[in-house]
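Heads up: the structure comes next, in structure tokens.
The values are calculated or read from the model by the stated rules, or taken from the named source; none is laboratory data. Everything quoted here is computed from the prediction, not taken from an experiment. So basically every Cβ, Gly included, is an ideal-geometry build from the backbone, and we count neighbours across all protein chains shown. Each accessible area value is taken on the protein alone, full model and side chains, heavy atoms only, with ligands, DNA and RNA left out. Shrake-Rupley method; radii C 1.70, N 1.55, O 1.52, S 1.80 Å.
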2 protein chains.
Amino acid sequence: MGRYDLSLIGFGGVNRSLAELIAERGDELKAELGFGLRVVAITDLRAGSLVQADGIDLPALLATAPGELDFSRMAGGSTEPRNQQVIQDGPGDIVAEATFTNPADGEPALSHVRWALEAGKHVCTTNKGPVALQGPALKDLAARHGVSFEFEGSVMSGTPILRTAEHLLTGLRVTGVEGIMNGTSNYILGRLEAGAAFPDAVKEAQALGYAEADPTADVEGFDVQLKVMILAHQVLGANLRRQDVACEGISQLTPADMRDAASRGLRWKLVGQATRREDGSVDARVAPAALPADHPLAAISGTTNAVSFHTDLLGAVTVSGPGAGRTETAYALLSDIIAIHHRHGAAEAHRTPEESFRG
Amino acid sequence: MGRYDLSLIGFGGVNRSLAELIAERGDELKAELGFGLRVVAITDLRAGSLVQADGIDLPALLATAPGELDFSRMAGGSTEPRNQQVIQDGPGDIVAEATFTNPADGEPALSHVRWALEAGKHVCTTNKGPVALQGPALKDLAARHGVSFEFEGSVMSGTPILRTAEHLLTGLRVTGVEGIMNGTSNYILGRLEAGAAFPDAVKEAQALGYAEADPTADVEGFDVQLKVMILAHQVLGANLRRQDVACEGISQLTPADMRDAASRGLRWKLVGQATRREDGSVDARVAPAALPADHPLAAISGTTNAVSFHTDLLGAVTVSGPGAGRTETAYALLSDIIAIHHRHGAAEAHRTPEESFRG
């Protein structure tokens, strides 16, 4: 029985949920997965950093409310995040990157990922920035250093979209991919259908915690744009820049548009898509689309998200599930760690003296 | 570069489509998958049997219409299917079983599968009978002989339902599974919604090739019952008999029921489900259910099928896609062969002298 030591970069909702998951069901997961998990380092913009090579006492840490955490008061703690130092020289085998998404240049997450891969550490991340903007280069970097770069949570949280594409469609010709990949805008569209005006629908989404104070990235399609870039690469091998993905949001839609569509049996949805053209190039865009009732995405409602893969032999295969949520996204990181284990197995995890992985 | 030699048992639509797939894109698949595929034996109730250890010329064979095939006229051919002999002593590495489903005792497919596994051959099958009635025992038998028993096509043709359950939900607690798993009955329900009477809807489904001359297995839920048994074992570890799965079909539903449901925002669907009870046992059943519009299965229309996995950390994850079709089901066999290769890899496939698998 082996073990992986984790460094958590960013201790907001997602990595805190991962820590809770490990604290609450680490033993059960160990029995199921064949390896243990230990957190040995945490960095956070506000709380500072904490490095304990023998393993951080998670239940004690999690007893403190998020806003009250001050790592500098603990052994191995500092008021500074010290991200570079912790990532490069810290004791972790796997770096879990879950800082904020920066759609412009991916920083600082992009540097976090690079530092980790260059130091020979596996990386799992839920951060769309580095994956969308530099995914192919980071995959190469990981391969050169013999480690893994996993990012299931960058599209639809823990819903296994990227792993479906990678593992379960082998042998098919995938001609395109399209999805409803933003729960906030999908919720707002539902409220418009119910007759709410756009500003009121946004306020409702904010009150429920779905939309941020500045809802631009969600309602103008920029969040989906990054996910389209990720899917276009993972599914169609296309290396797109943001300017290659035309982007139109939902802020121009009104309840009247919704009623008009409904009268024709259609539903407006914010659809991100990437399609292989005849000449082999890839057309990618984000735009509202009025979908017929029998379209696989037409009935995806509320904060549920879905992605359809268009294939030659099976037609459309669609996976739907949660598109966000701290626990749902923390599971994405766990699924990444499981994938790292499957790829690297016995050679990678710390082994306890009396046991070995294959035993 | 290695190769697998296949024996096709039953040469109806599904295995013939698999042969077409190999004939049409074998080279492309070889480049993608890293192994070649060759058909070395075929048996069929009507056409007899054909064994050619150096590989059957598929394009030549497929040029003959299905009803005209007579293997006895060919070298290595016989008027008799000789299933036992071909399976046990024939040259195949992998046996693809695609004879008719017998829900009573699984025969003769059950014997075909047993013979193959006992002879140390991998088996892939689309046949629900052996999987539903003896799946756990056959998995054990395969393990004892160091081979694989794969059956993605037994539920929803090539749509990767069983592999999603096996590989992509690791670490989650799956509390239940439910699905629309019969395209014929789902099509008929759609026709009832459009106002057609039940007998007329059945006739339409028959005219379109969706329903068989005797539609009982589809409309009375018996087909779904077998799939529920398969899912209950694969997802919840329950070993159920047919009598453990209460089964009610759709033949009592009328257009009036549909209208009444619609007026309450509901849609009637034939749902197969298996749910873990508080005491750990599993409740499994097939029955029509009036689903609310926001239920993940409510909008699954026509011959599309879907299965939802209910999980603790992600809530419902739903996979939808084709539930039937000869090409779609042939792809299930190909996906099984890919899974066999991933599990057994280099040790199993024939190697050509100048190359090896890992090279």
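Tabulated values for the structure
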{"quantity": "Residue match in region B:139-156 (condition: assigned to a loop (DSSP other than H, G, I, E, B), open to solvent by 20 Å² or more (accessible area, probe 1.4 Å), away from chain A (no Cβ under 14 Å) and in contact (Cβ under 8 Å) with a residue 12 or more places away in the chain)", "calculated": "yes"}
{"quantity": "Candidates B:G2, B:G26, B:G10, filtered to the one that is within 14 Å of chain A (Cβ to nearest Cβ) and under 18 Å from B:D93 (Cα atoms)", "calculated": "B:G26"}
{"quantity": "Flag for B:L169 being modelled with pLDDT of 95 or more and in the same structural domain as B:T303 (by TED's automatic domain parsing)", "calculated": "yes"}
{"quantity": "All positions within region B:175-222 that are open to solvent by less than 50 Å² (accessible area, probe 1.4 Å) and without any contact (Cβ under 8 Å) to a residue 24 or more places away in the chain", "calculated": "B:A201, B:V202, B:A205"}
{"quantity": "Test: residue in region B:125-133 that is touching a residue at least 40 places away in the same chain (Cβ under 8 Å), over 22 Å from B:E328 (Cα atoms) and not in a loop (DSSP other than H, G, I, E, B)", "calculated": "yes"}
{"quantity": "Scan of region B:86-97 for residues that are open to solvent by 20 Å² or more (accessible area, probe 1.4 Å) and either in contact with a Ser or Thr (Cβ under 8 Å, 6 or more places away or on another chain) or not assigned by TED's automatic domain parsing to the domain that holds B:L117 (or both), ordered by number", "calculated": "B:P91"}
{"quantity": "Every residue from region A:4-29 that is more than 20 Å from A:A60 (Cβ to Cβ) and open to solvent by 20 Å² or more (accessible area, probe 1.4 Å)", "calculated": "A:V14, A:E28"}
{"quantity": "Checking B:Y210 against (1) part of a strand (DSSP E or B); (2) touching a helix residue (DSSP H, G or I) at 6+ places or on another chain (Cβ under 8 Å), the condition it does not meet", "calculated": "(1)"}
{"quantity": "Single unsatisfied condition, B:A63 versus (1) open to solvent by less than 30 Å² (accessible area, probe 1.4 Å); (2) under 17 Å from B:V14 (Cα atoms)", "calculated": "(1)"}
{"quantity": "Boolean, A:E80 is open to solvent by 10 Å² or more (accessible area, probe 1.4 Å) and under 25 Å from the mean Cα position of the chain (by Cα)", "calculated": "no"}
{"quantity": "Pair list, Cβ < 9 Å and 6+ apart or interchain, from region B:22-34 residues that are within 12 Å of B:A330 (Cβ to Cβ) to residues that are of a type in the set (F, W, Y) and assigned to a helix (DSSP H, G or I)", "calculated": "none"}
{"quantity": "Criterion violated by A:V177 - all others in (1) closer than 17 Å to A:G237 by Cα; (2) assigned to a helix (DSSP H, G or I) satisfied", "calculated": "(2)"}
{"quantity": "Meets criteria (within 13 Å of chain B (Cβ to nearest Cβ) and touching a Phe, Trp or Tyr at 6+ places or on another chain (Cβ under 7 Å)) for A:Y187", "calculated": "yes"}
{"quantity": "Residue pairs meeting the criteria (Cβ under 6 Å; at least 6 apart or on separate chains; first outside the structural domain of A:E152 (by TED's automatic domain parsing) and part of a helix (DSSP H, G or I), in region A:325-348; second at pLDDT below 95 and surrounded by 24 or more Cβ atoms within 10 Å (Cβ to Cβ))", "calculated": "none"}
{"quantity": "Considering residues of region A:98-130 that are β-branched (V, I, T) and open to solvent by 10 Å² or more (accessible area, probe 1.4 Å) only, the residue farthest from A:R343 (Cα to Cα)", "calculated": "A:T101"}
{"quantity": "Per-region count, region B:222-244, residues more than 7 Å from B:A284 (Cβ to Cβ), part of a helix (DSSP H, G or I) and not polar (S, T, N, Q)", "calculated": "12"}
{"quantity": "Region B:257-290, subset among the basic types (K, R), closer than 30 Å to A:L266 by Cα and part of a strand (DSSP E or B), residue farthest from the other protein chains (Cβ to nearest Cβ)", "calculated": "B:K269"}
{"quantity": "Selection from region A:303-342 of residues that are under 30 Å from A:E204 (Cβ atoms) and at the interface with another protein chain (Cβ under 7 Å from one of its Cβ atoms)", "calculated": "A:T318, A:V319, A:S320, A:G321, A:P322, A:T327, A:E328, A:Y331"}
{"quantity": "Candidates A:L37, A:L69, A:L61, A:L6, filtered to the one that is touching a Leu at 6+ places or on another chain (Cβ under 8 Å) and closer than 22 Å to B:R173 by Cα", "calculated": "A:L37"}
{"quantity": "Considering residues of region A:291-314 that are assigned to a strand (DSSP E or B) and open to solvent by 30 Å² or more (accessible area, probe 1.4 Å) only, the residue nearest to A:L236 (Cα to Cα)", "calculated": "A:H310"}
{"quantity": "Verdict on B:G171 being open to solvent by less than 10 Å² (accessible area, probe 1.4 Å) and assigned to a loop (DSSP other than H, G, I, E, B)", "calculated": "yes"}
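Let's see how each residue does on (1) more than 27 Å from the chain's Cα centre (by Cα); (2) of a type in the set (G, A, S); (3) surrounded by fewer than 23 Cβ atoms within 10 Å (Cβ to Cβ):
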| position | (1), (2), (3) |
| --- | --- |
| B:V224 | no, no, no |
| B:V245 | no, no, no |
| B:S251 | no, yes, yes |
| B:P255 | yes, no, yes |
| B:A274 | no, yes, no |
| B:D279 | yes, no, yes |
| B:D283 | no, no, yes |
